[in-house]
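Here is the structure we will look at.
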Amino acid sequence: MKKGFENMKICLIHTMYYPYYGGGAELTVQQIAEGLAARGHEVVVVSVGKHKETRFHNKVKIYEIELANLYWPFDHFRGKTLLKPFWHLTDAYNPVMARRVGEILDTERPDVVQAHNLAGFSAAVWVTVKRRGLPLRQVLHDYYHLCVRSTMFARGRNCERQCTVCRAYRTPSRRLSGLVDVVVGVSRYVLEAHVSRGLFPNAKQKIIHNGYTMHRAVAPGRLSEKVRFGYIGRLHPTKGLDLLIDAFLALKSPDTELLIAGEGAPEYVAALKQRTQGKAVQFLGHTSRDAFYPAIDVLIVPSIWHEPFGKIVIEGMAWGKPLIASCRGGIPEMVVDQENGFLFEPDDPGALLTAMGAMLAQRDAYPLLSAACIERAKEFSEEKMVEAYEASIWESLAGRIAL
């Protein structure tokens, strides 16, 4: 049967899907699914849940299949720590989940399968897909296929190589990754982190950055008399908040303020507040983007771990907020040093402080930095992201469909 660019049937597999969110990857997968559906493709999403359920949302058919493991990983209960190694062992290769996915594939008969985060499913899904002769694509949003934490970060530092435990748990991922036809990284960094360690040896490689689109007009701004530095996101040590607070307190400028939006572990947040008591630092808690961005002049992204992408960077740029960001993970793929912000090396003592001082010293250049942010953000629009996935998926099918 002749098939065209406009009528593919696409199955996406991802740990969670709307209305459940664990992080930015869930929103990205939803953007991809709904974007492809809006372009006339038939889209099916398979996700993990506590119960079996089938539903529709914005033209996307969603299968939620019950997790076959020891516990639901997002619940907190006594004894979870003792069970965790056995949970990860099951998640290394889970034939029950693979069989359940296979039943859906047999029912839906998609043209192509695109896997995203596979926590809860495991690499066994790859075998299920290839047994049915379907093109298999894997999108890398994190380090799940290298690390049981999906972060490659432990004991306060980035892991330069896999530890013995992660290498053992991820043996199935390493050995089965040769089944993947196309591997997509949401950044060059996260793609190279896998390929350089021997994963996906037979796959065509592709980089498709995540997308973000502003739904309001934003004009370049000017620097306020009292400069307001801002951070928004999860309050966690990997995000570099201690580094940020150290730098802000050392800045000793009476005409600056630091706004911190987001939530985290109560003990950690309390410790941060204790350190900044009596200083020009405000903790805003959960704050909407519409309230946060107009309240700041400069967005700071001080991550000390290798962010696979860092969607908050595009978000800040779209709002016209110049950035000071760490040169970790995929962040330097968005921030052009001294053009739309400043990059700094977190391991270099005083580097963040220097970057903050440089921003204050360039008051006259602020409107140019702001305008450059708005223009740069357009390169990472949601529409461009969906277009890239559509073209790449079609390319995966081109050699298999009779014209």
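Of the residues in the stretch 88-119, how many are on the phi > 0 side of the Ramachandran plot and in contact with a Phe, Trp or Tyr (Cβ under 9 Å, 6 or more places away or on another chain)?
So the answer is 0.
Hey, among LEU241, LEU249, which residue is at pLDDT 95 or above, within 23 Å of CYS327 (Cβ to Cβ), among the aliphatic types (A, V, I, L, M) and crowded, with 18+ Cβ neighbours inside 10 Å?
Testing whether each residue is at pLDDT 95 or above, within 23 Å of CYS327 (Cβ to Cβ), among the aliphatic types (A, V, I, L, M) and crowded, with 18+ Cβ neighbours inside 10 Å leaves just LEU241.
Return yes or no: is LEU134 of a type in the set (A, V, I, L, M, F, W, C), closer than 30 Å to LYS9 by Cα, in contact with a strand residue (DSSP E or B) (Cβ under 8 Å, 6 or more places away or on another chain) and not in a helix (DSSP H, G or I)?
Taking the combined requirement at face value, the residue satisfies it.
Within the stretch 50-73, track down each residue that is exposed (fewer than 14 other Cβ atoms within 10 Å of the Cβ) and of a type in the set (S, T, N, Q).
Of everything in the stretch 50-73, those that are exposed (fewer than 14 other Cβ atoms within 10 Å of the Cβ) and of a type in the set (S, T, N, Q) turn out to be THR54, ASN58.
Here are the criteria: (1) within 21 Å of the chain's Cα centre (by Cα); (2) surrounded by fewer than 18 Cβ atoms within 10 Å (Cβ to Cβ). Tell me which single one SER47 does not satisfy.
Of everything listed in (1) within 21 Å of the chain's Cα centre (by Cα); (2) surrounded by fewer than 18 Cβ atoms within 10 Å (Cβ to Cβ), SER47 misses just condition (2).
Can you confirm whether ALA247 is over 18 Å from LYS226 (Cβ atoms), outside any loop (DSSP other than H, G, I, E, B) and in the same structural domain as ARG234 (by TED's automatic domain parsing)?
Answer is no for this residue.
Any idea which of VAL129, VAL190 is out of contact with any helix residue (DSSP H, G or I) (no Cβ under 9 Å at 6 or more places or on another chain) and either over 16 Å from TYR389 (Cα atoms) or not assigned by TED's automatic domain parsing to the domain that holds PRO85 (or both)?
VAL190
Go through the stretch 74-126 and give me each residue that's more than 24 Å from the chain's Cα centre (by Cα), assigned to a helix (DSSP H, G or I), surrounded by fewer than 18 Cβ atoms within 10 Å (Cβ to Cβ) and of a type in the set (Lys, Arg).
Answer for the stretch 74-126, where residues must be more than 24 Å from the chain's Cα centre (by Cα), assigned to a helix (DSSP H, G or I), surrounded by fewer than 18 Cβ atoms within 10 Å (Cβ to Cβ) and of a type in the set (Lys, Arg): LYS80, ARG99.
Of all residues in the stretch 214-236, count the ones that are over 24 Å from GLU382 (Cα atoms) and β-branched (Val, Ile, Thr).
Looking only at that region, the number is 1.
Somewhere in the stretch 178-190, is a residue in contact with a Ser or Thr (Cβ under 9 Å, 6 or more places away or on another chain), surrounded by 14 or more Cβ atoms within 10 Å (Cβ to Cβ) and of a type in the set (Lys, Arg)?
Looking for residues that are in contact with a Ser or Thr (Cβ under 9 Å, 6 or more places away or on another chain), surrounded by 14 or more Cβ atoms within 10 Å (Cβ to Cβ) and of a type in the set (Lys, Arg), one finds none in the stretch 178-190, hence no.
Considering the stretch 271-285 alone, what residues qualify as being polar (S, T, N, Q), part of a loop (DSSP other than H, G, I, E, B) and free of Cβ contacts under 8 Å to residues at least 12 places away in the same chain?
If the condition is that a residue be polar (S, T, N, Q), part of a loop (DSSP other than H, G, I, E, B) and free of Cβ contacts under 8 Å to residues at least 12 places away in the same chain, then GLN277 is the only one that fits.
Of all residues in the stretch 315-344, how many are out of contact with any strand residue (DSSP E or B) (no Cβ under 8 Å at 6 or more places or on another chain) and free of Cβ contacts under 8 Å to residues at least 12 places away in the same chain?
So the count comes out to 1.
The values are calculated or read from the model by the stated rules, or taken from the named source; none is laboratory data. These figures come from a predicted structure and were not determined experimentally. All Cβ positions, glycine included, derive from the backbone under ideal geometry; neighbour counts span all protein chains shown.
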